[in-house]
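Colleague: The structure is given below, and queries will be raised subsequently.
The values are calculated or read from the model by the stated rules, or taken from the named source; none is laboratory data. Since this is a predicted model, take the numbers as computed values, not measurements. Positions of Cβ are backbone-derived with ideal geometry, glycine not excepted, and every protein chain shown enters the neighbour counts. Accessible surface is based on the protein model in full, side chains and every heavy atom, while ligands, DNA and RNA are left aside. Shrake-Rupley method; radii C 1.70, N 1.55, O 1.52, S 1.80 Å.
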Amino acid sequence: MREPISRDARLALDLALTIRHDGSGGVADDLADPAGLTAWVRAHPEVLPDTGRFAVGAAQLTAVRELRAAVRALFARAVRPGDPSPADAARLMPVPDAVRHLNEAAARTPTVPVLDWPEGAAPVVHRQPVRAGDALTASLAHAVIAFLASPDRDRLRACHAPRCVRYFLKEHPRQEWCRPSCGNRARVARHHQRHKATA
């Protein structure tokens, strides 16, 4: 029963997942520097037109990292009454601040619909910024708002496997973890905990 994931949901999740487990018990940040954000944007060509020549500056990096903090705070609210991702549990932005920050980011660059109709293909409408500048942050904020206001939000979960800090969309009723490897880690941890308790 694998439900399709919308473009907006995928983009919002991918932004939140730039905080991840580093494989050594810590947390890694894929957006630690401008090169990391540049690589991430280039891997997501749907975010901006012409991402091949895109390069990030320090101000854009700060804006996207602040937006990601707001997104993760809103994801934590969306998964309630469940717990947030362990990466967020101790440092969540207050929800009113997160909502305000997301809305302000979305308003930075107004967009207009632009029709693209290549020969031999169906017409497609893209949203294009009216002016350049904060197009990256605004585009990401628009996707996050669309996702949080969609029915997909009800499928959002935080993975609580040991050392995992990811959010995911539940794809079937029995899914508890973001990936099979997290399920394996959780089962092994429960097994060790049971044997430790009986010893």
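Colleague: With no solvent and one point on each alpha carbon, what is the Debye value of log10 I(q)/I(0) for the stretch 73-150 at q = 0.20, 0.23, 0.25, 0.27 Å⁻¹?
Modeller: -0.91, -1.05, -1.14, -1.23
Colleague: So what's the Cα pair-distance distribution over the stretch 13-60, bin width 5 Å, in %?
Modeller: Binned Cα distances yield the sequence 5, 20, 26, 24, 14, 6, 3, 0.
Colleague: Taking a probe of 1.4 Å, how large is the accessible area per residue of the stretch 55-118, in Å²? Provide the component values of the computation, followed by the final result.
Modeller: Details: 3350 Å² over 64 residues.
Value returned for the stretch 55-118: 52 Å² of accessible area per residue.
Colleague: Using amide H atoms built 1.01 Å from N in the peptide plane, name the residues 5+ places from Gln128, or on other chains, whose amide H lies under 5 Å from its own.
Modeller: Val112, Val114
Colleague: Normalised by the residues of the stretch 1-110, what does the relative contact order come to in percent, with Cα pairs under 8 Å and at least six apart?
Modeller: The value is 19 percent.
Colleague: With every protein chain left in place, what is the accessible area of Val112 in Å² (1.4 Å probe, nearest 10)?
Modeller: We get 60 Å² for Val112.
Colleague: Turning to a different aspect of this structure: Carbon and sulfur atoms: what percent of the 1.4 Å accessible area of the stretch 52-161 do they account for?
Modeller: On the way: 3370 of 5920 Å².
It is 57 percent, rounded to a whole number.
Colleague: Here is a follow-up. Please work out which option in [x] 45; [y] 35; [z] 49 gives percent of Cα pairs over 27 Å apart calculated from these coordinates, and answer with its label.
Modeller: [y]
Colleague: Trypsin sites (Lys or Arg not before Pro), restricted to the stretch 56-141: which are DSSP loop and have at most 10 other Cβ atoms within 10 Å?
Modeller: When the trypsin sites (Lys or Arg not before Pro) of the stretch 56-141 are filtered for loop state and at most 10 Cβ neighbours within 10 Å, Arg91, Arg131 remain.
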